[in-house]
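J.: One structure is given below, represented as structure tokens, and several questions about it will come after.
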Amino acid sequence: MIDTVLVLNAGSSSLKFQVFRVGDLDVLARGKAVRLGEPEPIMDASLADGTRERIALPPACDHDTALAAVLAFVDRHDDAWRMKAVVHRIVHGGERFVDPVVVTPEVFAALEALSPLAPLHQPHNLAAVTAARRLMGDVPNIACFDTAFHARHDPLTHHFALEQGLRDKGIRRYGFHGLSYQWLEMVLAEQHPHLHAGRVVAAHLGNGASLCAIQGGRSIDTTMGMTALEGLPMGTRCGALDAGAVLYMFQSLGMNAQEVSDALYERSGLLGLSGLSNDVETLLKSDDPRARFALDHFALKVAQFTASMAAAIGGIDALVFTGGIGEHAAPIRDAIAERLRFLGTFEVIVIKANEERVMALQALACLAAEEQAR
């Protein structure tokens with residue numbers, strides 16, 4: 001019998017999974033279901049031995065149906081695997097959840113209450129938990145949080161300049177992409193110990209984008225705030241925006257809350273700037289001047305915010321890129337680094353994201369702590 005953990009990362013229209021073997025954390029299976037809720041959803045899955053399958057899913061299938069397809073794939077290729085836990089990426093842990101936790105009904109309700117702070121992510125993350133509880137019976141569900149890596153910031157960093165009464169209601173900066181940054185911290189500790197002990201600005205650049213100032217392996221500051229809308233411009237999200245502009249949308253343009261939300265979350269960022277696409281590869285190939293403008297704007301803002309992160313840690317020894325754009329768009333990396341040469345000499349490193357491995361490690365530690373507490 002081989003003990004395993006199933007790691008799930010649920011998006012609005014996708015469900016990624018990996019099966020890890022307990023012990024060496026070898027990946028036994030992996031895959032991704034995409035286009036959930038659309039007419040022709042599909043799942044691509046593979047095994048460690050190279051076996052691959054493309055599986056058509058029912059039209060307009062939800063996370064429950066997608067997870068059932070994942071489990072059916074696992075069952076077809078099960079080599080005496082025993083699931084010890086199902087591990088979920090949960091974007092927002094709020095102030096309470098700063099470590100991985102077994103999802104009880106009470107924990108689930110508390111996480112559901114945080115959905116307004118992460119409306120694009122939290123409901124879908126929790127949909128996968130609901131599906132796993134229905135389909136997998138007594139197998140523990142463990143939540144790992146994107147906010148947790150930033151949870152121990154100095155109050156100077158996590159407070160907005162608001163009156164105490166509003167701050168007491170949880171209006172503060174939380175930060176996100178913490179699982180990605182945790183992985184970078186681990187890789188730096190193993191492969192670049194001189195940088196791990198120093199001053200690092202990590203750039204998780206993808207359809208969602210943020211920066212993190214890391215010193216001695218700890219998050220000191222980050223660009224995202226109370227929600228995943230603040231900071232850098234992203235694929236379709238606006239990033240930093242004058243709050244007065246939002247008031248203007250309500251008071252002078254007559255927009256309602258849903259219209260404002262759609263504009264800021266769905267129609268801004270690279271898509272809004274270019275009017276063409278939120279996909280960097282598409283924009284890099286385009287001759288349309290609007291595409292160049294969007295990419296130049298993105299590189300400028302990343303550079304400006306990187307300088308801000310460097311100020312939080314007294315300089316910069318390395319700029320570390322990860323995420324889809326950070327790993328694959330060399331022209332964007334070069335444009336950002338060139339704008340930062342005034343900061344002096346620093347190393348530029350690319351590290352492939354591996355949030356799922358961090359989640360597996362955290363889940364096993366959580367299970368061990370639960371067993372020890374019994």
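The values are calculated or read from the model by the stated rules, or taken from the named source; none is laboratory data. On a predicted model such as this, the values are computed, not experimentally measured, just so you know. Every residue, glycine as well, gets a Cβ built from its backbone with ideal geometry; the counts of neighbours run over all protein chains shown. Just so you know, the surface numbers come from the protein's heavy atoms only, side chains and all, with ligands and any DNA or RNA stripped out. Shrake-Rupley method; radii C 1.70, N 1.55, O 1.52, S 1.80 Å.
J.: Keeping to the range 225-264, report how many residues are over 25 Å from Ser277 (Cβ atoms), open to solvent by 40 Å² or more (accessible area, probe 1.4 Å) and assigned to a helix (DSSP H, G or I).
T.: Counting residues in the range 225-264 that are over 25 Å from Ser277 (Cβ atoms), open to solvent by 40 Å² or more (accessible area, probe 1.4 Å) and assigned to a helix (DSSP H, G or I) gives 6.
J.: Just the residues that are under 27 Å from Glu371 (Cβ atoms) and either open to solvent by 40 Å² or more (accessible area, probe 1.4 Å) or free of Cβ contacts under 8 Å to residues at least 12 places away in the same chain (or both), please, taken from the range 46-82.
T.: So in the range 46-82, the residues under 27 Å from Glu371 (Cβ atoms) come out as 67, 70-71, 74-75, 78-82.
Once the filter is applied, which keeps residues that are under 27 Å from Glu371 (Cβ atoms) and either open to solvent by 40 Å² or more (accessible area, probe 1.4 Å) or free of Cβ contacts under 8 Å to residues at least 12 places away in the same chain (or both), the range 46-82 yields Asp75, Asp78, Asp79, Ala80, Arg82.
Okay, residues lined up against (1) in contact with a helix residue (DSSP H, G or I) (Cβ under 7 Å, 6 or more places away or on another chain); (2) under 15 Å from Met359 (Cα atoms):
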| residue | (1), (2) |
| --- | --- |
| Val98 | yes, yes |
| Val102 | yes, yes |
| Val107 | no, no |
| Leu111 | yes, no |
| Leu126 | yes, no |
| Ala131 | yes, no |
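J.: On to the next question. Do you know which of the residues in the range 1-45 that are assigned to a strand (DSSP E or B), of a type outside the set (A, V, I, L, M, F, W, C) and open to solvent by less than 50 Å² (accessible area, probe 1.4 Å) is farthest from Val91 (Cα to Cα)?
T.: Kept after step one, since they are assigned to a strand (DSSP E or B), are these residues of the range 1-45: 2-10, 14-21, 27-34, 42-45.
Now restrict to residues that are of a type outside the set (A, V, I, L, M, F, W, C): 3-4, 9, 14, 16, 18, 21, 30-32, 44.
Filter once more, keeping what is open to solvent by less than 50 Å² (accessible area, probe 1.4 Å): 3-4, 9, 14, 18, 31.
Details: Asp3: 27, Thr4: 23, Asn9: 10, Ser14: 15, Gln18: 18, Gly31: 20 Å.
Restricting to residues being assigned to a strand (DSSP E or B), of a type outside the set (A, V, I, L, M, F, W, C) and open to solvent by less than 50 Å² (accessible area, probe 1.4 Å), the top hit is Asp3.
J.: Looking only at the range 128-175, count how many residues are small (Gly, Ala, Ser), assigned to a helix (DSSP H, G or I) and touching a residue at least 40 places away in the same chain (Cβ under 8 Å).
T.: Result for the range 128-175: 4.
J.: Shifting gears a bit: So for the range 280-298 (the condition being surrounded by 15 or more Cβ atoms within 10 Å (Cβ to Cβ), in contact with a strand residue (DSSP E or B) (Cβ under 7 Å, 6 or more places away or on another chain), of a type in the set (Phe, Trp, Tyr) and modelled with pLDDT of 95 or more), does at least one residue qualify?
T.: no
J.: Those residues that are within 23 Å of Gly216 (Cα to Cα) and open to solvent by 40 Å² or more (accessible area, probe 1.4 Å), I need them from the range 305-340; list them, please. Spell out how you get there, then give the answer.
T.: First pass over the range 305-340, keeping only residues within 23 Å of Gly216 (Cα to Cα): 305-323, 326, 337, 340.
Within the range 305-340, Phe305, Ser308, Ala311, Ala312, Gly314, Asp317 qualify.
J.: Let me ask something else about it. Failed condition for Ile220, given (1) open to solvent by 10 Å² or more (accessible area, probe 1.4 Å); (2) of a type in the set (Val, Ile, Thr); (3) closer than 27 Å to Ser268 by Cβ, with all others met?
T.: (3)
J.: What are the pairs with Cβ atoms under 9 angstrom where one residue, in the range 289-303, is free of Cβ contacts under 8 Å to residues at least 24 places away in the same chain and more than 19 Å from Glu230 (Cα to Cα) and the other, located anywhere, is basic (Lys, Arg) and open to solvent by 10 Å² or more (accessible area, probe 1.4 Å)? Sequence gap at least six, or different chains.
T.: The qualifying pairs are Ala291/Lys285.
J.: Is it the case that Glu370 is part of a helix (DSSP H, G or I), in contact (Cβ under 8 Å) with a residue 40 or more places away in the chain and open to solvent by 60 Å² or more (accessible area, probe 1.4 Å)? Don't jump to the end; show me each part of the working.
T.: Details: part of a helix (DSSP H, G or I): yes; in contact (Cβ under 8 Å) with a residue 40 or more places away in the chain: yes; open to solvent by 60 Å² or more (accessible area, probe 1.4 Å): yes.
Criteria met by Glu370.
J.: Does the range 63-121 hold any residues that are touching a Leu at 6+ places or on another chain (Cβ under 7 Å) and of a type in the set (S, T, N, Q), and which are they?
T.: Within the range 63-121, Thr65 is the sole residue that qualifies.
J.: Also, I was wondering about something else. Restricting attention to the range 83-113, which residues are under 19 Å from the mean Cα position of the chain (by Cα), open to solvent by less than 30 Å² (accessible area, probe 1.4 Å) and under 24 Å from Gly175 (Cβ atoms)?
T.: Val87, His88, Ile90, Val91, His92, Gly93, Gly94, Phe97, Leu111
J.: Of everything in the range 61-95, what is modelled with pLDDT of 90 or more and in a loop (DSSP other than H, G, I, E, B)? Give them in sequence order.
T.: Of everything in the range 61-95, those that are modelled with pLDDT of 90 or more and in a loop (DSSP other than H, G, I, E, B) turn out to be Val91, His92, Gly93, Gly94, Glu95.
J.: Could I ask something else about it? Six or more apart or on different chains, Cβ atoms under 7 Å: show the pairs whose first residue is in the range 11-23 and over 14 Å from Glu356 (Cα atoms) and whose second is open to solvent by less than 20 Å² (accessible area, probe 1.4 Å).
T.: Here the result reads Ser13/Leu36; Ser14/Ala33; Ser14/Leu36, each pair linking the range 11-23 to a residue that is open to solvent by less than 20 Å² (accessible area, probe 1.4 Å).
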